[in-house]
Amino acid sequence: MKAGVARIRLSAILAARERVAEKFLTVALAGNPNVGKSTLFNLLTRQNRHTGNWPGKTVAVSEGRLRVGRTSLQVVDLPGTYSLAGGSPEEEIARAFLLQRLADVVIVVVDATNLERNLYFVLEVLELTGRVVIALNMMDAAVARGLKINAAKLADLLGVPVVPLSAARKAGVRDLLATALAVACGKARVSPRVDYGELEAAVETLAGALREWAVANPAARGVALDRYQARWLAARLLAGDGQAEALLALPGGGRVAALAAALRERLVEEPALLIARAFYRQAQELSTAVLTPVKSKRTEILTSSRIDAVVTHRFWAFPVMAAFFAAVVALTMFGAAPLTALLQKFFAAVAHRFEVVLATGGVPFWLKRALVDGLLGGVGAVVAVMLPTMTIFFILFAILEDSGFIPRFAFNLDRPLRAVGLQGKHSVTCMMGLGCNIPGIMSCRIMSGKHRLIGILTNSLVPCNGRLGVMLPLALLFFGKNGSWVVLGLLILSGAAVALSGVILNRVLRGPAPGFILELPSYRLPRLSTITRRVLREQVAHVLVRAVLVTTPVVLSVWFFSNYPGGAPDGTITARLARFFEPAGRFIGLDGATLVALAYALPAKETVIGTLAVARDLGTSLAQHGPVEKYLAAAWSPLTAFKFLLFYMLYSPCAYTACTIYQETGSLRYTLLGILLPLGLAFLLTFIVHRLMLFFA
């Protein structure tokens, strides 16, 4: 089997159809955010992409392959969006894909527990294409809530197949795939019809004119020749859509534009409002016709609304959030400490054995020291510190994410963020930044205007998993049982830095600042086995491999700079750099050697333990000191450690993140701003803390 291609044996499909030459079909997955679209995509393609129980996770198109018999399917996961009529990046991507008729069949994934809201989006898709299958997902959750949905009746009313399923439980997926193949191959009849209400007559008149224009003008074919697209384009023209009007610049379009203007003048109300009203009415009527509440003892279980009464309470929400994050940090720190100690002993034993082997083989002294002190010492320090900490932390964070608490936290933070010119969606992107700043920056596509740019420029102020993997164990080392409170304090200072940056950038940058809309999904019981596999594969393995690959050349380079040119230790490259940075280090209560180690870690922040292990003492070997953590514990006071952690948390983004900033903004100026702004804030806040410590001391 080829990598990335899943083979599913569907005997019912293969027996029902004739043997034909191999086909290639495209299946698009569309739907609102948080309806299980990505979960279904993972099941079909076996890609196991990260899915989360909050909106905004998918902001780009993902593709995968699936093979059924002699048919090869390309599965395209379109961005989750609530509408196709807006101007956000995800709406434009989804609309353009459907409008260009790139899919042989579109599977619209619907949340069965929020049927009426999802049906509005279904009607918008049916405007564009008739090759649609409705995947009525989360049927198990609907039953648990006492909801009974007549899927057959819904199919009759919509004119397209409706397949009940539960993607999370892998139930009904084969039936969905079989139905989608039947629609794509033309073996299942579809006859959808979208009613525009008071605008129906005008839409039909203009659609007829568009079809005549398309037939008469070859250049316009493919724009309005399809009957679905003709009606959609007619509705958009009546609503005054600028992108739709641009299509009429082709030859002969002036007559159609004039007809659209004449029809628009006859209307009493705005066409866009009439369309929205018609769609909402249809969605409500469809939902009422097929949905039947059923009394059940299971519906007496604690509901989302009852939990939200506490979690989103005006006052209690903030103590609840603080308690959750305090628990996550405390469990991480105290759970990782013994595992880190075991890994340190393991790497120490490996380094000793390796050194004996090298000495026996007559390896030159300089190479032996580089491999033992530089490579094994630096890489071993990174792995021992990061692996236990980030594994526990991200499993706990994923539990909060999958259960549905994270979007509530974003909702709670919207009000205080608005006070500094931001919005609740910034907290969503910052929470993604806790995993990695790269997807955190990319997730800023869920915003628009200057809010998106502010989110991109401030996301690196949030400590990613690489930095947290260093901060958590060092806080435990220097502050003991109070380490969890120290890390929480650092996270609060990170939030303060984001808020301060928001105030500054709001006054510097120009552009629209759209409002904030965020869905609060239902609470779900997370599956620990699924979460653990996902975290180990997608987060822990990814970050650890990247850290090791980057750490190896970085640490070896740092070892070289710290040992050459030979002679006195204070004559090495690192020593000279340390003397150069010493005034800046004293300014914030650190020293030049520490700033050099931080500069060496810029390719990847995870390597700072390794760079400290090799560069901190400016010697040729760390054997006399033991693990770098013990050395730092003896060399630094808790106050110095706190200042280091604060500066390390905030200073310039790593090289990968800086490249992502440039890719998202396309501007070298904004990229430099994204590098210098965190660095300036790191110096400012660390200096303030340093002066306060001196004053109170």
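All of the numbers you see were taken from the coordinates with simple rules; none came from a lab. Everything quoted here is computed from the prediction, not taken from an experiment. Note: ideal-geometry Cβ built from the backbone for every residue, glycine included; neighbour counts use all protein chains shown.
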Original post:
Say each of residue 189 and residue 365 gets a label point 7 Å from the Cα, pointing the same way as Cα to Cβ; how far apart are those two points in nm?
Top reply: 9.1 nm
**OP:** Considering Cα pairs under 8 angstrom that are at least six residues apart, work out the relative contact order of the range 83-219 and quote it in whole percent.
**Re:** 21 percent
Original post:
Where in the range 450-481 is the amide nitrogen less than 11 Å from a point lying 7 Å along the Cα-to-Cβ axis of residue 92?
Top reply: none
**OP:** Just grab the label-to-label distance for residue 353 and residue 265, each label 7 Å out from Cα along the Cβ direction, in nm (one decimal).
**Re:** 8.9 nm
Subject >> residue 133 long-range amide H proximity, modeled H, under 5 Å >> reply: 106, 107, 108
Subject >> Cβ-Cβ FRET estimate between residue 102 and residue 257, R0 fixed at 35 Å, reported to 0.05 >> reply: 0.80
**OP:** Sketch the reach of a paramagnetic label on residue 656 as a point 7 Å from Cα along Cα-to-Cβ, and name the residues of the range 456-484 whose backbone nitrogen lies under 15 Å away.
**Re:** 460, 463-470
Original post:
By how many nm would the segment from residue 496 to residue 323 grow when fully extended, if each residue of separation counts as 0.36 nm and the alpha-carbon distance is taken off?
Top reply: 60.4 nm
Subject >> Estimated inter-spin distance, residue 330 and residue 215, nm [label 7 Å along Cα→Cβ] >> reply: 7.5 nm
Original post:
Based on the Cβ-Cβ distance from residue 342 to residue 541, what FRET efficiency comes out when R0 is 22 Å, to the nearest 0.05?
Top reply: 0.70
Subject >> Nearest-0.05 FRET efficiency for residue 668 and residue 70, computed from C-beta distance (R0 41 Å) >> reply: 0.25
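Given the Cα-Cα distance of residue 198 and residue 316 and 0.36 nm per residue of separation, how much length would full extension add, in nm?
37.8 nm
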Original post:
What length, rounded to one decimal in nm, is gained on full extension from residue 289 through to residue 418, with 0.36 nm per residue of separation minus their alpha-carbon distance?
Top reply: 42.4 nm
Subject >> Interchain or long-range residues, amide H under 5 Å from residue 171's placed H >> reply: 166
Original post:
Which value, in nm² and rounded to one decimal, describes the direction-averaged projected area of the C-alpha convex hull of the range 318-696?
Top reply: 19.6 nm²
Original post:
Taking θ as phi - 60°, what are the ³J(HN,Hα) couplings along the range 96-102 by the Karplus curve (6.51, -1.76, 1.60), each to the nearest whole Hz, with x for Gly and Pro?
Top reply: 5, 5, 6, 5, 7, 6, 7
**OP:** Fewest Cβ neighbours within 10 Å first, please rank 432, 442 accordingly.
**Re:** 442, 432
**OP:** Please provide three numbers in whole Å: the alpha-carbon extents of the range 76-159 along the principal axes, with the largest listed first.
**Re:** 38, 25, 20
